[in-house]
1. Taking neighbour Cβ counts within 10 Å as the exposure measure, how do 61, 121, 508 sort from fewest upward?
2. Roughly how many nanometres apart are two label points built 7 Å out from the Cα toward the Cβ at residue 360 and residue 154?
3. Suppose R0 equals 41 Å; then what is the FRET efficiency for residue 26 and residue 686 from their Cβ-Cβ distance, rounded to the nearest 0.05?
4. Where does each of 172, 481 land when they are ranked from fewest to most other beta-carbon atoms within 10 angstrom?
5. I want to check the label-to-label distance for residue 338 and residue 41. Put each point 7 Å from Cα in the C-beta direction and report it in nm to one decimal.
6. Set the Förster radius R0 to 22 Å, insert the Cβ-Cβ distance between residue 284 and residue 205 as r into 1/(1 + (r/R0)^6), and round the FRET efficiency to 0.05.
7. Taking the number of other C-beta atoms within 10 Å as the exposure measure, put 119, 265, 582, 148 in order starting with the fewest.
8. Per 0.36 nm of contour for each residue apart, how much would the distance between residue 547 and residue 743 grow if the chain were fully extended, relative to their Cα-Cα spacing?
């Protein structure tokens, strides 16, 4: 939603009654039809239609209001309407927008919500996201109903997942628990190099992981010492891993990654857990929920990546020595399990009784009289076929897990008491509500004053799901390590340093939320959240361990705030170079919550950049094109102000251009040499409001001057995430009200979240 509003609603500034709608048609005829009429429709926008037709198009109204308010339309070269006429037209459009409640399509559980819901209902700590198709992202979030259409492929995936869940949660018999022991004889790597060379190797009673080859370095294991057949998990369940390992040539803590995948093809690994190994540690023990067919492999995740050459080189850096591994499972604390008892609380339940019980368990609502018979019939037919009692129970469970009653979130125009509890729970916990929240909802206490429940839920460890999922999508944290940095250019940037960069934004959000601190810290702050690696990278006082803590910044430091974080600066760069356009666009989209997508009919012609010698010269060519200038005049100044920070977020004083030279010899693909040239940085630009920005301090000053716009933008992001839809201009009063509450609490992030839940709009579809 465009956030650059110059004042409160113009309608409040203009006396009298709402102008007649013909005035709007007259305004369009005089000022807009030339470019948006029967002969020409720039941006695929046509305004020569009756008001009732125009008012039926909510997206068009949003665009018109934004253009009128910013003064971008009519273009500067065209005759401009009188200020009073523009204000009257804007008032008509705004009033109509505010009178229309935003559409809120039907929403289903995302993969993350599906996983956490089953975890909380049945106590199974298993990541089901890998069994379901990826969720489509709309406007930055995967929770939006408009993206939740069901394809035949998705329907089949939900059915397959439901069968998997039912068979594992309610098995026919108790699985056998076994223990497997592995030592150096059973350990293998992928295509080991010579002992002591540039790879992983056996050394006496130890297997040594150097991490020297990041895309092949790993330790996997086999039952038969003479075979390289990787150990395979035999049955679904919880497994305990007990590992004896220690680091060498390391004066700091290291990180071991536990991965699922074929050790011979480690590029396909899926990391399932990272284990911090403090300096001096001799091993670790952990438990994982694994499925039949899973294969485990360990990686040295904190190893420094030295380069891409395939030549054998002696490894002189830190290494991890593994001496023993024990695998025990599947672990069963009791039989029947807690999940089995939740699914079937008493034996010999009648079909109708079983269906009613499971429906309430899964959806917390009874089935309708129209829907119930079909589910009961499924169970009756299964029982009549001679199936086992366990198979009969599974049939009911599968039917309900694949039904819209479970997959989709029920929402009335005015949310019912239970629906309100569900919206709150999926907002802050990404899961179904617990008994206390449901009781509060049914008693009416939740609707009357939700503050007690919000406070309780934010203190619960499950609030970490909201923190992780919201920041992952809002800040694109999961994309920080999608590529680079190229280690030939950015030496000594270790893999776990990049991982820490991706976690910094989440930890800042967590800290502000838990401590009730101001959202202003997203713009600028006198501290950063850092662990040992990030503190070293930033040149700050030492921090012990992998956990993030607030670190006070020196007086002259430019760090602090989201735009100074290395994760953001790397996210908006390539392997070799920064991208001012990506950086500026990120700021507008994620801080101001602006729409900056080009109009539908804009032909993105690349400008003629012949003769340009710098990034600045090339990008300024965009602003010479009329089709590009409107957006790039906003985007480019924000991005260029950050050019004094390189693609990994380190301070620099000049560009270092990189050119790859041809391969030196046949048979190698990773030995290309690089040629570096240096170019001065010129970052000074003016924002559309005339304010000059030239570096990070002046940029943060400009952002702080727009504090109200940015904090409202962040509130808009939170509302979008909570409601599962994009905010529109019709949400202006909602956002304004939340902002005012937060302002009265020193712009507290926690107060903003409480105000979102307490607002009447939170209880509406």
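1. Working: 61 21, 121 16, 508 25.
Lowest to highest Cβ neighbour count: 121, 61, 508.
2. About 3.1 nm, to one decimal.
3. It comes to 0.70.
4. On the way: 172 10, 481 16.
By the 10 Å Cβ count, ascending, the order reads 172, 481.
5. That separation, rounded to one decimal, is 5.9 nm.
6. Working: r = 19 Å, r/R0 = 0.84.
The pair residue 284/residue 205 has a calculated efficiency of 0.75.
7. Numbers: 119 19, 265 11, 582 15, 148 22.
With the fewest neighbours first, 119, 265, 582, 148 line up as 265, 582, 119, 148.
8. On the way: separation 196, 0.36 × 196 = 70.56 nm, distance 3.08 nm.
Going from the current span to full extension adds 67.5 nm.
Every read-out reported here was derived from the displayed coordinates using simple, explicitly stated rules and does not represent laboratory data. Just so you know, these numbers come straight off a predicted model, no measurement behind them. All Cβ positions, even for glycine, are placed from backbone atoms using ideal geometry, and neighbour counts span all protein chains on display.
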